[in-house]
Amino acid sequence: MTQVPPEKKKRIASIRRQLAQANVDYYAQDNPRLLDSEYDRLFRELEALEGQYPQLKTNDSPTQRVGEDPIEAFESIEHSVPMLSLSNAANEVEVAQFDRRMQEALGREGVAAEYFAEPKYDGLAISLIYKDRALSHAITRGDGMRGENVTHNVQNNWRYSSNTAQECAECDGGERRDHHAS
């Protein structure tokens, strides 16, 4: 295993502190202080350092987490399917790395795949759950396993369509997962 220079250990610790504070500011305080571009730059630097020194990768690293714990002021609801985050890819090398990871994860190495990409927009990741063509729950991503119940906020502040729902459907961004009630 590669010996880790002390300055690299310090840099990793510094980046983790900066990203952890940025996550608290963004997710828990609703008061982002770090530009998205700077957050992404620091995140990529941390990913590269953890890739170079895998012995320093920890489960609590920002690279291993999705979102933050749900805010206590809101009721916490468990997602029926984990609501994970997609990877960012800012250049051709990162797109090729993403493709390789997806092929490996699916057990389809060497099989060509087609992707659809669009610019990254900052916004709220939310799961909308419909039952009998009516909005039942609106849940933020939270930590990916549990999110905040923001149903009341959605009903009162956003236009959402009951026409997108069948008997029971869960919509996550543009994706729709139909559930069949028994």
Quiz item: Under a plain spin-label model, where a point goes 7 Å from the Cα along Cα-to-Cβ, how far apart in nm are Ser14 and Asp30?
Solution: 3.4
Quiz item: How are the Cα pair distances of the range 1-68 distributed, in percent, across 5 Å bins from 0?
Solution: 3, 17, 29, 25, 14, 7, 4, 1, 0
Quiz item: What's the FRET efficiency of Asn88 with Asn153 using the Cβ-Cβ distance as r and R₀ = 25 Å, to the nearest 0.05?
Solution: 0.35
Quiz item: Where does each of Val95, Val150 land when they are ordered by accessible area, with a 1.4 Å probe and the largest first?
Solution: Val95, Val150
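The values are calculated or read from the model by the stated rules, or taken from the named source; none is laboratory data. What you are looking at is a predicted structure, and each value in this text was computed from that prediction instead of being measured. Cβ: placed from backbone, ideal geometry, glycine included. Neighbour counts: every protein chain shown. All accessible areas refer to the heavy atoms of the entire protein, side chains included, with ligands and DNA or RNA removed. Shrake-Rupley method; radii C 1.70, N 1.55, O 1.52, S 1.80 Å.
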